[in-house]
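Chemist: Shown below is the structure under consideration.
The values are calculated or read from the model by the stated rules, or taken from the named source; none is laboratory data. Note that this is a predicted model, so its numbers are computed, not measured. Note: ideal-geometry Cβ built from the backbone for every residue, glycine included; neighbour counts use all protein chains shown. Ligands, DNA and RNA are excluded from the accessible area calculation, which covers all protein heavy atoms including side chains. Shrake-Rupley method; radii C 1.70, N 1.55, O 1.52, S 1.80 Å.
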Amino acid sequence: MKKIFFHLIPFFISVGILCGTVFICSRFANENIHSPVTVSEIEVSKTTEQISVTEESIPNLQTVKTAERNTEMMAVWIPFMTLDSGGKERSEKEYTELIREIMNRIKSVNANTVIFHTRPFCDALYPSEIFPFSHILSGTQGKKINYDPLKIAVDEAHKLGLEFHAWVNPLRVKFNSMPSELSDNNPYMKWKKSSDKADDRYTFSCGEGIYLNPAVPDVRKLIIDGIREIVRNYDVDGIQIDDYFYPENMNDADRPEYEEYCKNAGEHPLSITDWRTENINKLVVGIYDAVHEKSGCVFGISPQGNTDNDLKLGADVFRWCSEQGFADYICPQIYVSENHPVMPFGECADKWKKMVINKNLKLYLGLALYKVGTDADDGTWKLKNDNIQSQINYGRSLGCDGFMLFAYDDLFRGEQWK
(Lines give C-alpha, C1' and ligand atoms only; values in the text may rest on other atoms or scores of the structure.)
Protein backbone atom coordinates (compact mmCIF):
# COMPACT_ATOMS: atom_id res chain seq x y z
CA MET A 1 0.00 0.00 0.00
CA LYS A 2 1.33 3.34 -0.93
CA LYS A 3 1.89 5.43 2.20
CA ILE A 4 1.08 9.11 2.18
CA PHE A 5 3.38 10.91 4.53
CA PHE A 6 1.25 13.28 6.50
CA HIS A 7 3.10 16.42 7.58
CA LEU A 8 2.60 20.02 8.49
CA ILE A 9 3.92 22.67 6.14
CA PRO A 10 6.05 25.14 8.14
CA PHE A 11 4.49 28.55 8.56
CA PHE A 12 6.34 31.59 7.29
CA ILE A 13 7.14 34.04 10.06
CA SER A 14 5.20 36.74 8.22
CA VAL A 15 1.98 34.77 8.51
CA GLY A 16 2.29 34.75 12.32
CA ILE A 17 1.09 32.28 14.85
CA LEU A 18 -2.49 31.07 14.70
CA CYS A 19 -4.46 32.12 17.74
CA GLY A 20 -7.70 31.15 19.32
CA THR A 21 -7.06 27.51 20.20
CA VAL A 22 -10.08 25.29 20.24
CA PHE A 23 -10.35 23.08 23.29
CA ILE A 24 -13.19 20.60 22.99
CA CYS A 25 -14.04 18.99 26.30
CA SER A 26 -11.74 16.03 26.95
CA ARG A 27 -13.47 12.79 27.73
CA PHE A 28 -12.45 9.34 28.78
CA ALA A 29 -12.85 6.17 26.75
CA ASN A 30 -16.32 5.36 28.06
CA GLU A 31 -17.86 8.63 26.91
CA ASN A 32 -19.34 9.90 23.66
CA ILE A 33 -16.56 12.04 22.19
CA HIS A 34 -18.57 13.43 19.29
CA SER A 35 -21.16 14.84 21.72
CA PRO A 36 -22.12 18.39 20.76
CA VAL A 37 -20.60 21.41 22.45
CA THR A 38 -22.66 24.57 22.50
CA VAL A 39 -21.18 27.51 20.67
CA SER A 40 -21.02 29.49 23.89
CA GLU A 41 -18.66 26.86 25.33
CA ILE A 42 -16.04 27.09 22.62
CA GLU A 43 -14.13 29.68 20.72
CA VAL A 44 -13.49 28.60 17.16
CA SER A 45 -10.19 29.80 15.76
CA LYS A 46 -10.56 31.62 12.46
CA THR A 47 -8.15 33.82 10.57
CA THR A 48 -8.74 36.03 7.58
CA GLU A 49 -5.41 35.38 5.88
CA GLN A 50 -5.30 32.76 3.14
CA ILE A 51 -2.80 29.93 3.33
CA SER A 52 -0.59 29.93 0.25
CA VAL A 53 -0.57 26.57 -1.48
CA THR A 54 1.93 25.97 -4.26
CA GLU A 55 2.65 23.01 -6.51
CA GLU A 56 6.19 22.92 -5.18
CA SER A 57 5.14 22.52 -1.54
CA ILE A 58 1.98 20.42 -1.88
CA PRO A 59 2.05 17.14 -3.82
CA ASN A 60 -0.87 16.61 -6.19
CA LEU A 61 -3.22 13.80 -5.17
CA GLN A 62 -5.15 11.85 -7.77
CA THR A 63 -8.91 12.27 -7.42
CA VAL A 64 -10.31 8.74 -7.18
CA LYS A 65 -13.09 7.10 -5.24
CA THR A 66 -12.26 5.54 -1.88
CA ALA A 67 -13.53 2.12 -2.92
CA GLU A 68 -11.29 2.14 -6.03
CA ARG A 69 -7.99 3.35 -4.67
CA ASN A 70 -5.09 1.72 -2.90
CA THR A 71 -3.71 4.86 -1.25
CA GLU A 72 -3.98 5.49 2.46
CA MET A 73 -6.97 7.44 3.75
CA MET A 74 -6.04 10.61 5.63
CA ALA A 75 -9.19 12.50 6.52
CA VAL A 76 -10.12 15.47 8.67
CA TRP A 77 -13.49 15.97 10.35
CA ILE A 78 -15.05 19.43 9.90
CA PRO A 79 -17.67 19.71 12.70
CA PHE A 80 -20.59 22.11 12.75
CA MET A 81 -18.83 24.26 15.37
CA THR A 82 -16.24 25.23 12.77
CA LEU A 83 -18.97 26.38 10.38
CA ASP A 84 -21.22 28.11 12.92
CA SER A 85 -22.00 31.74 12.09
CA GLY A 86 -22.57 32.73 15.70
CA GLY A 87 -26.27 33.46 15.23
CA LYS A 88 -25.81 35.76 12.25
CA GLU A 89 -26.48 34.96 8.62
CA ARG A 90 -23.24 34.46 6.72
CA SER A 91 -23.13 35.80 3.17
CA GLU A 92 -22.22 33.60 0.21
CA LYS A 93 -18.91 35.45 -0.19
CA GLU A 94 -18.02 35.06 3.50
CA TYR A 95 -18.97 31.40 3.49
CA THR A 96 -17.06 30.63 0.30
CA GLU A 97 -13.93 32.32 1.65
CA LEU A 98 -14.20 30.32 4.88
CA ILE A 99 -14.66 27.02 3.02
CA ARG A 100 -11.80 27.78 0.66
CA GLU A 101 -9.53 28.53 3.60
CA ILE A 102 -10.54 25.32 5.36
CA MET A 103 -9.97 23.16 2.29
CA ASN A 104 -6.61 24.79 1.50
CA ARG A 105 -5.37 24.18 5.01
CA ILE A 106 -6.49 20.57 4.99
CA LYS A 107 -4.75 20.10 1.65
CA SER A 108 -1.61 21.80 3.02
CA VAL A 109 -1.06 18.97 5.51
CA ASN A 110 -1.37 16.37 2.75
CA ALA A 111 -4.76 15.04 3.83
CA ASN A 112 -6.86 13.63 1.02
CA THR A 113 -10.41 13.59 2.43
CA VAL A 114 -12.80 15.82 4.36
CA ILE A 115 -15.66 14.61 6.56
CA PHE A 116 -18.08 17.54 6.40
CA HIS A 117 -20.88 18.00 8.93
CA THR A 118 -23.95 18.15 6.72
CA ARG A 119 -26.91 17.26 8.98
CA PRO A 120 -26.12 17.84 12.68
CA PHE A 121 -29.64 18.34 14.16
CA CYS A 122 -32.38 16.84 11.98
CA ASP A 123 -31.64 19.76 9.68
CA ALA A 124 -29.62 20.40 6.53
CA LEU A 125 -26.74 22.56 5.38
CA TYR A 126 -28.30 22.47 1.92
CA PRO A 127 -31.74 23.16 0.40
CA SER A 128 -33.76 20.11 1.42
CA GLU A 129 -37.31 19.00 0.77
CA ILE A 130 -37.21 16.86 3.92
CA PHE A 131 -35.34 18.78 6.62
CA PRO A 132 -35.29 22.46 7.60
CA PHE A 133 -32.32 24.64 6.74
CA SER A 134 -29.79 24.55 9.57
CA HIS A 135 -29.33 27.45 11.98
CA ILE A 136 -25.57 26.94 11.65
CA LEU A 137 -25.31 29.37 8.72
CA SER A 138 -28.56 31.33 8.80
CA GLY A 139 -28.77 31.93 12.55
CA THR A 140 -32.29 30.48 12.77
CA GLN A 141 -33.41 26.98 11.93
CA GLY A 142 -35.69 26.98 8.90
CA LYS A 143 -34.47 30.34 7.62
CA LYS A 144 -33.25 29.85 4.07
CA ILE A 145 -30.25 31.55 2.54
CA ASN A 146 -29.72 32.36 -1.13
CA TYR A 147 -26.89 29.90 -1.81
CA ASP A 148 -26.18 26.19 -1.48
CA PRO A 149 -23.52 25.63 1.23
CA LEU A 150 -23.07 21.95 0.49
CA LYS A 151 -22.48 22.45 -3.22
CA ILE A 152 -19.87 25.13 -2.50
CA ALA A 153 -18.08 22.85 -0.02
CA VAL A 154 -18.10 19.87 -2.40
CA ASP A 155 -16.84 21.99 -5.30
CA GLU A 156 -14.03 23.60 -3.28
CA ALA A 157 -12.89 20.22 -1.97
CA HIS A 158 -12.86 18.65 -5.40
CA LYS A 159 -10.92 21.57 -6.89
CA LEU A 160 -8.05 20.54 -4.63
CA GLY A 161 -8.43 16.83 -5.26
CA LEU A 162 -9.95 16.16 -1.84
CA GLU A 163 -12.59 13.48 -1.39
CA PHE A 164 -15.79 14.68 0.23
CA HIS A 165 -17.84 12.62 2.68
CA ALA A 166 -21.08 14.12 4.01
CA TRP A 167 -21.32 13.54 7.77
CA VAL A 168 -24.84 13.00 9.12
CA ASN A 169 -26.22 12.60 12.65
CA PRO A 170 -29.26 10.46 11.80
CA LEU A 171 -31.22 10.55 15.09
CA ARG A 172 -30.34 13.75 16.95
CA VAL A 173 -32.98 16.50 16.87
CA LYS A 174 -31.85 18.65 19.78
CA PHE A 175 -29.29 18.47 22.56
CA ASN A 176 -29.28 20.81 25.55
CA SER A 177 -30.15 24.19 24.05
CA MET A 178 -28.85 23.39 20.56
CA PRO A 179 -30.63 24.50 18.44
CA SER A 180 -32.33 27.08 20.65
CA GLU A 181 -35.51 26.87 18.54
CA LEU A 182 -36.88 24.24 16.18
CA SER A 183 -38.57 25.45 13.02
CA ASP A 184 -42.19 24.68 12.18
CA ASN A 185 -41.06 22.48 9.29
CA ASN A 186 -38.79 20.37 11.49
CA PRO A 187 -40.15 16.80 11.40
CA TYR A 188 -40.35 16.82 15.21
CA MET A 189 -42.56 19.93 15.20
CA LYS A 190 -44.76 18.59 12.41
CA TRP A 191 -45.40 15.38 14.32
CA LYS A 192 -46.06 17.17 17.60
CA LYS A 193 -48.65 19.39 15.93
CA SER A 194 -50.30 16.50 14.14
CA SER A 195 -53.81 15.47 15.16
CA ASP A 196 -52.75 11.83 14.90
CA LYS A 197 -51.52 10.88 18.38
CA ALA A 198 -49.46 8.05 16.91
CA ASP A 199 -47.15 10.71 15.50
CA ASP A 200 -46.13 11.61 19.05
CA ARG A 201 -44.14 8.36 19.18
CA TYR A 202 -42.03 9.24 16.14
CA THR A 203 -39.60 10.97 18.49
CA PHE A 204 -38.64 10.61 22.14
CA SER A 205 -36.90 12.68 24.78
CA CYS A 206 -34.04 11.27 26.78
CA GLY A 207 -32.01 13.25 29.27
CA GLU A 208 -31.29 16.64 27.73
CA GLY A 209 -31.93 15.52 24.17
CA ILE A 210 -34.67 14.88 21.63
CA TYR A 211 -34.18 12.05 19.14
CA LEU A 212 -35.89 10.47 16.17
CA ASN A 213 -37.28 7.05 17.10
CA PRO A 214 -35.62 4.35 14.94
CA ALA A 215 -38.19 1.77 16.08
CA VAL A 216 -40.76 3.41 13.79
CA PRO A 217 -40.50 2.33 10.12
CA ASP A 218 -41.68 5.72 8.85
CA VAL A 219 -38.90 7.40 10.81
CA ARG A 220 -36.26 5.11 9.35
CA LYS A 221 -37.65 5.85 5.89
CA LEU A 222 -37.41 9.59 6.55
CA ILE A 223 -33.73 9.28 7.50
CA ILE A 224 -32.92 7.03 4.56
CA ASP A 225 -34.76 9.34 2.14
CA GLY A 226 -32.65 12.19 3.51
CA ILE A 227 -29.47 10.27 2.69
CA ARG A 228 -30.82 9.49 -0.77
CA GLU A 229 -31.50 13.20 -1.29
CA ILE A 230 -27.82 14.00 -0.67
CA VAL A 231 -26.33 11.31 -2.91
CA ARG A 232 -28.73 12.11 -5.77
CA ASN A 233 -28.24 15.87 -5.72
CA TYR A 234 -24.57 16.28 -4.81
CA ASP A 235 -21.28 14.90 -6.08
CA VAL A 236 -20.29 13.47 -2.70
CA ASP A 237 -17.82 10.62 -2.54
CA GLY A 238 -19.26 9.15 0.64
CA ILE A 239 -21.75 9.36 3.49
CA GLN A 240 -20.73 8.92 7.12
CA ILE A 241 -22.75 8.53 10.30
CA ASP A 242 -21.03 8.74 13.65
CA ASP A 243 -21.69 7.39 17.14
CA TYR A 244 -25.13 8.93 17.67
CA PHE A 245 -27.31 5.85 17.86
CA TYR A 246 -29.60 5.30 20.85
CA PRO A 247 -28.62 7.78 23.58
CA GLU A 248 -27.12 6.65 26.84
CA ASN A 249 -29.50 5.98 29.75
CA MET A 250 -32.48 5.21 27.53
CA ASN A 251 -34.53 3.69 30.37
CA ASP A 252 -38.19 3.51 29.24
CA ALA A 253 -38.15 6.21 26.56
CA ASP A 254 -39.25 3.69 23.91
CA ARG A 255 -41.20 1.30 26.12
CA PRO A 256 -44.50 1.64 24.15
CA GLU A 257 -42.81 0.54 20.91
CA TYR A 258 -41.07 -2.37 22.62
CA GLU A 259 -44.29 -3.58 24.23
CA GLU A 260 -46.06 -3.43 20.88
CA TYR A 261 -43.24 -5.46 19.35
CA CYS A 262 -43.50 -8.08 22.12
CA LYS A 263 -47.21 -8.56 21.46
CA ASN A 264 -46.42 -9.77 17.95
CA ALA A 265 -43.05 -11.47 18.51
CA GLY A 266 -44.28 -14.87 19.63
CA GLU A 267 -42.93 -16.85 22.57
CA HIS A 268 -39.35 -15.64 22.41
CA PRO A 269 -39.16 -11.89 21.84
CA LEU A 270 -35.80 -10.17 21.75
CA SER A 271 -34.58 -8.39 24.84
CA ILE A 272 -35.08 -4.65 24.68
CA THR A 273 -31.34 -4.19 24.06
CA ASP A 274 -31.31 -6.66 21.17
CA TRP A 275 -34.51 -5.17 19.78
CA ARG A 276 -32.94 -1.71 19.75
CA THR A 277 -29.90 -3.15 18.01
CA GLU A 278 -32.10 -4.63 15.30
CA ASN A 279 -33.80 -1.26 14.81
CA ILE A 280 -30.42 0.37 14.24
CA ASN A 281 -29.36 -2.45 11.92
CA LYS A 282 -32.46 -1.92 9.78
CA LEU A 283 -31.60 1.77 9.56
CA VAL A 284 -27.95 1.10 8.70
CA VAL A 285 -28.82 -1.41 5.97
CA GLY A 286 -31.30 1.06 4.50
CA ILE A 287 -28.67 3.83 4.44
CA TYR A 288 -26.11 1.46 2.91
CA ASP A 289 -28.54 0.57 0.11
CA ALA A 290 -29.45 4.22 -0.52
CA VAL A 291 -25.79 5.26 -0.74
CA HIS A 292 -25.03 2.46 -3.17
CA GLU A 293 -27.67 3.71 -5.56
CA LYS A 294 -24.90 6.09 -6.64
CA SER A 295 -22.00 4.41 -8.38
CA GLY A 296 -18.70 4.83 -6.55
CA CYS A 297 -20.21 6.39 -3.44
CA VAL A 298 -19.27 4.73 -0.14
CA PHE A 299 -20.91 4.48 3.26
CA GLY A 300 -18.95 4.61 6.49
CA ILE A 301 -19.69 4.45 10.20
CA SER A 302 -17.62 6.02 12.98
CA PRO A 303 -18.66 4.40 16.28
CA GLN A 304 -17.09 4.86 19.67
CA GLY A 305 -13.79 3.09 20.21
CA ASN A 306 -15.15 1.38 23.32
CA THR A 307 -17.09 -1.61 22.00
CA ASP A 308 -18.90 -2.16 25.31
CA ASN A 309 -20.42 1.30 24.98
CA ASP A 310 -21.31 0.69 21.33
CA LEU A 311 -23.36 -2.39 22.19
CA LYS A 312 -25.27 -0.48 24.87
CA LEU A 313 -26.23 2.16 22.27
CA GLY A 314 -27.52 -0.36 19.73
CA ALA A 315 -24.39 -0.21 17.55
CA ASP A 316 -23.83 -3.78 16.36
CA VAL A 317 -20.14 -3.22 15.66
CA PHE A 318 -19.07 -6.87 15.67
CA ARG A 319 -21.65 -7.73 13.03
CA TRP A 320 -20.86 -4.62 10.98
CA CYS A 321 -17.21 -5.65 10.94
CA SER A 322 -17.86 -9.24 9.91
CA GLU A 323 -20.79 -9.20 7.46
CA GLN A 324 -21.25 -7.64 4.04
CA GLY A 325 -24.01 -5.10 3.46
CA PHE A 326 -23.68 -2.79 6.46
CA ALA A 327 -20.80 -0.46 5.59
CA ASP A 328 -17.84 0.08 3.27
CA TYR A 329 -15.62 1.37 6.02
CA ILE A 330 -15.60 1.61 9.78
CA CYS A 331 -13.70 4.23 11.73
CA PRO A 332 -13.71 3.67 15.49
CA GLN A 333 -13.07 6.82 17.50
CA ILE A 334 -9.98 5.65 19.39
CA TYR A 335 -9.64 8.94 21.24
CA VAL A 336 -7.24 7.69 23.91
CA SER A 337 -3.53 7.95 24.60
CA GLU A 338 -1.05 5.11 24.33
CA ASN A 339 -0.83 5.14 28.12
CA HIS A 340 -4.51 5.49 28.88
CA PRO A 341 -5.08 3.96 32.34
CA VAL A 342 -8.09 1.86 31.26
CA MET A 343 -8.03 1.44 27.48
CA PRO A 344 -4.58 2.08 25.94
CA PHE A 345 -4.56 3.04 22.28
CA GLY A 346 -2.61 -0.02 21.14
CA GLU A 347 -4.92 -2.53 22.82
CA CYS A 348 -7.99 -0.83 21.38
CA ALA A 349 -6.54 -0.66 17.87
CA ASP A 350 -5.54 -4.33 18.06
CA LYS A 351 -9.08 -5.30 19.03
CA TRP A 352 -10.66 -3.43 16.12
CA LYS A 353 -8.18 -4.85 13.65
CA LYS A 354 -9.11 -8.39 14.76
CA MET A 355 -12.82 -7.54 14.56
CA VAL A 356 -12.69 -6.65 10.86
CA ILE A 357 -13.34 -10.06 9.32
CA ASN A 358 -15.18 -8.76 6.26
CA LYS A 359 -12.43 -8.46 3.64
CA ASN A 360 -14.39 -5.77 1.77
CA LEU A 361 -14.56 -3.48 4.81
CA LYS A 362 -11.87 -0.83 5.21
CA LEU A 363 -10.65 0.01 8.70
CA TYR A 364 -9.73 3.61 9.48
CA LEU A 365 -8.69 4.77 12.94
CA GLY A 366 -10.20 7.95 14.38
CA LEU A 367 -7.54 9.95 16.25
CA ALA A 368 -7.99 12.68 18.87
CA LEU A 369 -6.17 15.77 17.65
CA TYR A 370 -8.13 17.79 20.18
CA LYS A 371 -6.46 16.03 23.11
CA VAL A 372 -2.91 16.83 22.01
CA GLY A 373 -1.11 18.84 24.71
CA THR A 374 -4.01 18.62 27.18
CA ASP A 375 -4.41 16.94 30.58
CA ALA A 376 -6.86 14.40 29.14
CA ASP A 377 -6.64 10.73 30.08
CA ASP A 378 -4.98 11.41 33.44
CA GLY A 379 -2.34 13.62 31.82
CA THR A 380 -0.95 10.79 29.69
CA TRP A 381 -1.00 12.91 26.52
CA LYS A 382 1.84 14.95 28.04
CA LEU A 383 4.17 11.99 28.47
CA LYS A 384 5.47 12.39 24.89
CA ASN A 385 5.37 14.99 22.16
CA ASP A 386 4.63 12.81 19.13
CA ASN A 387 1.38 11.12 20.16
CA ILE A 388 -0.45 11.37 16.84
CA GLN A 389 2.54 10.39 14.71
CA SER A 390 3.14 7.42 17.00
CA GLN A 391 -0.49 6.32 16.69
CA ILE A 392 -0.34 6.67 12.91
CA ASN A 393 2.81 4.54 12.82
CA TYR A 394 1.15 1.91 14.99
CA GLY A 395 -1.94 1.82 12.79
CA ARG A 396 0.26 1.40 9.73
CA SER A 397 2.08 -1.48 11.41
CA LEU A 398 -1.30 -3.21 11.86
CA GLY A 399 -2.14 -2.76 8.19
CA CYS A 400 -5.01 -0.32 8.76
CA ASP A 401 -6.34 1.48 5.70
CA GLY A 402 -5.97 5.02 7.00
CA PHE A 403 -6.86 7.59 9.60
CA MET A 404 -9.41 10.30 10.39
CA LEU A 405 -8.49 13.25 12.60
CA PHE A 406 -10.84 15.02 14.99
CA ALA A 407 -10.94 17.85 14.31
CA TYR A 408 -10.07 20.59 11.82
CA ASP A 409 -9.63 23.39 14.36
CA ASP A 410 -6.86 21.47 16.10
CA LEU A 411 -4.74 20.82 13.02
CA PHE A 412 -2.34 23.70 13.54
CA ARG A 413 -1.64 23.59 17.23
CA GLY A 414 0.26 21.38 19.63
CA GLU A 415 2.88 18.84 18.69
CA GLN A 416 4.69 18.68 15.36
CA TRP A 417 4.03 15.44 13.53
CA LYS A 418 4.25 14.04 10.01
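Chemist: Probe 1.4 Å, all protein chains in place: accessible area of T71 in Å², nearest 10?
Modeler: It works out to around 50 Å².
Chemist: Limiting things to C-alpha atoms, what are the Rg and the maximum Cα-Cα separation (Dmax) for segment 73-188, in angstroms?
Modeler: Expressed in Å, the Cα Rg and Dmax of segment 73-188 come to 13.9, 43.
Chemist: At R0 = 51 Å, how high is the FRET efficiency between N185 and K351 if r is their beta carbon distance? Nearest 0.05 is fine. Provide the component values of the computation, followed by the final result.
Modeler: On the way: r = 43 Å, r/R0 = 0.85.
After rounding to 0.05, the efficiency reads 0.75.
Chemist: Now for a separate question. Can you list the HN-Hα couplings for segment 109-116, worked out from phi with the Karplus curve (6.51, -1.76, 1.60; θ = phi - 60°), rounded to whole Hz and with x for Gly and Pro?
Modeler: For segment 109-116, the Karplus curve yields 9, 6, 6, 10, 8, 10, 10, 9 Hz.
Chemist: Which whole-number percent of Cα pairs in segment 162-271 have a distance greater than 23 Å?
Modeler: 39 percent
Chemist: Now for a separate question. Per residue, how big is the convex hull of segment 241-321 when only Cα atoms are used? Give it in Å³. Each step should come with its number before you reach the end.
Modeler: Working: hull volume 9.0 nm³, N = 81.
Given the Cα convex hull of segment 241-321, per-residue volume reads 112 Å³.
Chemist: Quote the accessible area belonging to F175 in square angstrom, nearest 10, computed with a 1.4 Å probe and with ligands, DNA and RNA left uncounted.
Modeler: About 50 Å², ignoring ligands and nucleic acids.
Chemist: Between R232 and D308, what FRET efficiency comes out of the Förster formula 1/(1 + (r/R0)^6) with R0 = 41 Å and r the beta carbon distance, rounded to 0.05?
Modeler: Values: r = 37 Å, r/R0 = 0.91.
The computed FRET efficiency comes out at 0.65.
Chemist: Out of residues 5 or more away from Y126 or on other chains, whose amide H comes under 5 Å of its own, with H placed 1.01 Å from N in the peptide plane?
Modeler: Answer set, sorted by chain and number: S134.
Chemist: Follow-up. With a cap of 16 neighbouring Cβ atoms within 10 Å, and only residues DSSP puts in a loop, list the trypsin sites (Lys or Arg not before Pro) found in segment 330-385. Can you show the working numbers first?
Modeler: Working: sites: K351, K353, K354, K359, K362, K371, K382, K384; in loops: K359, K384.
Passing sites in segment 330-385 are K359, K384.
Chemist: Using DSSP to define loop residues, name the GluC sites (Glu not before Pro) in segment 228-301 whose beta-carbon has at most 13 other beta-carbon atoms within 10 Å.
Modeler: Working: sites: E229, E248, E257, E259, E260, E267, E278, E293; in loops: E248, E267, E293.
Answer in residue order: E267, E293.
Chemist: Which whole-Hz couplings ³J(HN,Hα) result when phi for each residue of segment 293-305 is put into the Karplus expression 6.51 cos²θ - 1.76 cosθ + 1.60, θ = phi - 60°, listed in order with x for Gly and Pro?
Modeler: 5, 9, 4, x, 7, 10, 10, x, 10, 10, x, 4, x
Chemist: I've got another one for you. Expected output is a single nm value to one decimal: the length gained when fully extending between E260 and V285, i.e. 0.36 nm times separation in residues minus the C-alpha distance. What is it? Can you show the working numbers first?
Modeler: Values: separation 25, 0.36 × 25 = 9.00 nm, distance 2.29 nm.
That pair, E260 and V285, stretches by 6.7 nm at full extension.
Chemist: Search the structure for amide H atoms under 5 Å from the amide H of Q304, placed 1.01 Å from N in the peptide plane, and list their residues when 5 or more places away or on another chain.
Modeler: So Q304 has HN proximity to Q333.
Chemist: Quick one: which residues, 5+ away or cross-chain, put their amide H under 5 Å from the amide H of G402? H built at 1.01 Å from N.
Modeler: Correct list: M73, L365.
Chemist: Read phi for every residue in segment 350-366 and hand back ³J(HN,Hα) as whole Hz from Karplus 6.51 cos²θ - 1.76 cosθ + 1.60, θ = phi - 60°, with x for Gly and Pro.
Modeler: 4, 4, 5, 4, 5, 5, 7, 8, 5, 5, 8, 9, 8, 10, 10, 9, x
Chemist: Which of K197/K221; K143/K221; K144/K190; K174/K221; K263/K312; K159/K353 have a Cα-Cα distance over 22 Å? Display every interim value, and only then the final one.
Modeler: Details: K197/K221 19 Å; K143/K221 25 Å; K144/K190 18 Å; K174/K221 20 Å; K263/K312 24 Å; K159/K353 34 Å.
Violating the 22 Å Cα-Cα cut-off are K143/K221; K263/K312; K159/K353.
Chemist: For segment 302-418, restrict the atom set to alpha-carbon positions and state the Rg and Dmax in Å.
Modeler: 14.1, 41
Chemist: Can you give the convex hull volume per residue for the Cα atoms of segment 97-148, as a whole number of Å³?
Modeler: Details: hull volume 4.7 nm³, N = 52.
Looking at segment 97-148, the number lands at 90 Å³ per residue.
Chemist: When the chain is fully extended, how far beyond the present Cα-Cα distance does F318 get from D200, taking 0.36 nm per residue of separation? Present the calculation step by step, with values, prior to reporting the outcome.
Modeler: Values: separation 118, 0.36 × 118 = 42.48 nm, distance 3.29 nm.
Between F318 and D200, full extension yields 39.2 nm more.
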